[in-house]
Amino acid sequence: MQNPQLTNDGKLKHLLSIEGLPKAIIKQILDTAESFVGVAEREVKKVPLLRGKTVCNLFFENSTRTRTTFEIAAKRLSADVITLNVSTSSQSKGETILDTIDNLTAMHADMFVVRHAQSGAAHMIAKHVAPHIHVINAGDGRHAHPTQGLLDAFTIRRYKPEMHNLRVAIVGDILHSRVARSEIHALTSLGVPEVRVIAPKTLLPENVEKLGVHVFHDMREGLKDVDVVMMLRLQNERMAGAMLPSSQEYFKTYGLTPEKLALAKPDAIVMHPGPMNRGVEIDSAVADGKQSVILPQVTYGIAVRMAVMSILAGNS
Amino acid sequence: MKIHIKNGHLIDPKNGIDSKKDLFIAAGKVVAIGNSPDSFVANQTIDANGLIVIPGLVDLSARLREPGFEHKATLESEMQAAVAGGITSLACPPDTDPVLDEPGLVEMLKHRAKQLNLAHVYPLGALTHQLNGQEITEMCELTEAGCVGFSQADIVIKDTQVLWRAMQYAATFGFTVWLRPEEPYLAKDGVAHDGEVAARLGLKGIPAAAETLAIASILRIAKETGAKVHLCRLSTAEGVDMVRAAKKAGQKISCDVSANHLHLTDFDIGFFDSNAHLRPPLRSQRDKEALSAGLIDGTIDAICSDHTPVDDDAKLYPFAEAEAGATGLELLLPLILKWAEDNKLNLNQAITAATQMPANILGVAAGDLSVNSNADVCIFDPKKYWKVEANSLFSQGKNSPFLGLELAGKVKYTLVNGHIVHQST
């Protein structure tokens, strides 16, 4: 089966998922992102790589952070940017996703950044669009959030360049998390030898070990000697019900406190894709502590998204 | 009209025939096999040299979409598809709009089907009013109108008390209850087998336990109430084991599997191919092999097409939102042939599961070519390959996980009641 995100000669055509992405392309994205980190520190924070191109942010599901960082990334590349919150416009009038895409294509959009609540939405759109258009998945259901996975890998590489020698733990709601899936694929592809997932059985997908991870249910055991702790956001609707009894009990068992973090390596870094629930998955003392790299993640997110967009545009 | 089918290789599992034999048809019936009856003068002779002659196939699950869903398919298009696939008798589930829960609707469907004069249509009546899982239907009246059994289609009865009563009532009159085993809460919102692929793609899974828990309760209630039960479309290895054990213990029960599940697994979802969104979901390789083994050892009685034509638009959604189902009538025979070849079975054994066995389950006179039986016949070329694509299908449903594939087995002639209703070059 041909990988739908690559061209016939193996170049990146769409960014839909990290799974199946050749290591060379992941590295190319991260290396390109390095060159963009400096752009934000200049007085004129712009490069002309996407001048004359139109990037269309299509958000079928609400988001503030991801939408904003994509917008900033596109603008720093000098693209024209349109942002549509489709959940509040044409979808409520009954227009299908593909009709929306066709209409925007008729307006000569060059790149779509898509977020949708259903797994596979970005793949479907990529299959449908004209050959010159690029699609970037900004999160589809529980499936993938590749730019998040890449920016996390980028952040880790910056702080812990020896990726071949790392132990990484991902903690929380793996079952519903597109971020976790993308992180797992990014890290295993880049050669991180041990990726752990830590969660109660109710928040783990069936056969998760097939993704190449080690499964832990006890956080204290799972955090032992890790170099990186990646926390996941617990969605409000999961905090009580059949999957978890309460946010308090969750904090007690899987919340990252200074005491639990002490089990990791002394120089371990703490990450979170945001937005955080302080006191649910993470203690403020950790979130704001000196091991936290949560804000640098946001900064690097822009550089990584610039890298993805410029590489796609270069492959047109 | 007298027809002489000559030089064909005749396979009729019921009568143990698997050799080159001529078939003689008169007045809609089979009048002789092998040697011509005295003074038989054919109006038409079909030269079946190099072809295989079998009883018309009997399909236990074909949605015709009428009444109510004519934008997906019509009785006419789907009956054409049936005979083009060599299917001469089919059972259709009651999930039309309106639901087949009133005798008038069933009579109308039977009448429309009869007018088209293609395949024989055997409706399954709704087990509960509107399939609502609360009030049972007028099963005696519905049977009189032509229903051959009672089904809930894909809508599960959640209230076990109602299921119990429905089965008791059906048992009173000896009616068969057709149920697709699925525990509704475990399967809720699920769209794929709860395994590695669902974990990777981030699709909500349906665990195998959704099927096995339902089988356990159905088997128990059937035993308590004495109801005749037919389990529709098994999908799990454990489910096959449970039916095997129940049959061994003497419980009278039958079951079927869809041809799709004999060939595909959840890996065929690939990158979210909505054509592989089926119900029950495609499961693991291990399940697929167990279904095959169950069919070979007789635990599973029949193969059905599970024909579910879906309009193109309904598939143009992300995987989970796309409507489940695949077109199947014209693929049934080629998929059975492929299954036989893959498992090194002789055709005789494979074809039983789509002729004699399903006819027994339906309790209708079909599925064999005995002298004096209805002349429902399928004549096909086992070596002719054809490509599954939109314009090679008569069915209005062009949705298939097999699109683009070349399959062997092309129906040349289909006869129903001694009339040629389909012929291809």
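No lab work stands behind these numbers, since they all come straight from the coordinates. The model shown is predicted, which means the values in this text are computed figures rather than measured ones. Here the Cβ positions follow ideal geometry from the backbone for every residue, glycine too, while neighbour counts run over all protein chains shown.
Would you calculate the convex hull of the Cα atoms in the protein assembly as shown and tell me its volume per residue in Å³?
169 Å³
If each DSSP helix of 4+ residues adds -39,500 (n - 2.57) and the sum is divided by the residues in chain B, what number results at 222 nm, nearest 500 deg cm²/dmol?
Calculated mean residue ellipticity at 222 nm is -8500 deg cm²/dmol.
From the phi angles alone, apply the Karplus equation (6.51, -1.76, 1.60; θ = phi - 60°) to the range B:195-201 and give each ³J(HN,Hα) in whole Hz, x where the residue is Gly or Pro.
x, 4, 5, 4, 4, 5, 7
Tally Lys/Arg at +1 and Asp/Glu at -1 over every other residue whose Cβ is under 10 Å from the Cβ of A:GLY149; what's the total?
With Lys, Arg at +1 and Asp, Glu at -1, the net is -1.
Give, in whole angstrom and from largest to smallest, the semi-axes √(5λ) of the equivalent ellipsoid of the range B:57-362, with λ running over the eigenvalues of the Cα gyration tensor.
26, 23, 21
Test of understanding: ordering A:VAL44, A:VAL213 by Cβ neighbours within 10 Å, fewest first, what list do you get?
Exposure proxy ranking, most exposed first: A:VAL44, A:VAL213.
Taking chain B as the reference, fit the longest principal axis to its C-alpha atoms, fit the long axis of helix B:237-248 to the helix C-alpha atoms, and give the angle between the two in degrees, 0 to 90, nearest 10.
On a 0 to 90 degree scale, this one is about 70.
Checking the table A:LYS27/A:LYS252; B:LYS21/B:LYS288; A:LYS201/B:LYS188; B:LYS344/B:LYS410; A:LYS27/B:LYS315 against a 27 Å threshold on Cα-Cα, which pairs fail?
Result: A:LYS27/A:LYS252; B:LYS21/B:LYS288; A:LYS27/B:LYS315 exceed 27 Å.
Using alpha-carbon positions, what is the distance between the centroids of the range B:316-332 and the range A:1-73, in Å?
34 Å
Please compute, for peptide A:132-145, the average count of beta-carbon atoms on other protein chains lying within 10 Å of each residue's beta-carbon.
That average works out to 2.
Local charge sum around A:MET231 (other residues, Cβ-Cβ under 12 Å, Lys/Arg +1, Asp/Glu -1)?
-2
What fraction, in whole percent, of alpha-carbon pairs in the range B:112-252 exceed 25 Å separation?
Here the tail beyond 25 Å accounts for 34 percent of pairs.
Determine the sum of side-chain charges near B:GLN396: Lys and Arg each +1, Asp and Glu each -1, restricted to other residues whose C-beta is under 12 angstrom from that of B:GLN396.
-3
With each pseudo-label sitting 7 Å past Cα toward Cβ, what's the B:THR172-B:ASN132 distance in nm, one decimal?
That separation, rounded to one decimal, is 2.0 nm.
Mean separation of Cα pairs under 8 Å and 6+ residues apart, divided by the residue count of chain A: what relative contact order is that in percent?
After rounding, I find 19 percent.
Quick one: check the C-alpha center-to-center distance for the range A:269-316 versus the range B:43-69, whole angstrom.
If we compute the Cα centre of each part, the gap is 61 Å.
If you count, for every residue in A:113-125, the Cβ atoms of partner chains within 10 Å of its Cβ, what is the mean?
So the per-residue partner count for this stretch is 5.
Measure nothing but the geometry: give the 0 to 90° angle between the long axis through the Cα atoms of B:332-342 and the longest principal axis through the Cα atoms of chain B, rounded to 10°.
90 degrees
Give me the Kirkwood hydrodynamic radius of the range A:146-293 in Å, from all C-alpha pairs, to one decimal place?
15.0 Å
Assigning unit charges at the beta carbon (Lys, Arg +1; Asp, Glu -1) and nothing else, what dipole magnitude in debye, to the nearest 20, does the range A:146-293 show about its Cα centre?
I would put it at about 180 debye.
At 7 Å along the Cα-to-beta-carbon direction for both B:ALA314 and A:SER35, put a label point, then send me their distance in nm to one decimal.
So the two model labels end up 5.1 nm from each other.
How far is the Cα center of the range B:1-28 from the Cα center of the range B:163-189, in Å?
When both Cα centres are located, 40 Å separates them.
With charges set only on the Cβ (+1 for Lys and Arg, -1 for Asp and Glu), what does the dipole of the range B:57-362 come to about its Cα centre, in debye to the nearest 20?
In debye, rounded to 20, the range B:57-362 gives about 940.
What does the helix-only formula give at 222 nm for chain A: each DSSP H stretch with n ≥ 4 adding -39500 (n - 2.57), the total divided by the residues, and the result rounded to the nearest 500 deg cm²/dmol?
-10500 deg cm²/dmol
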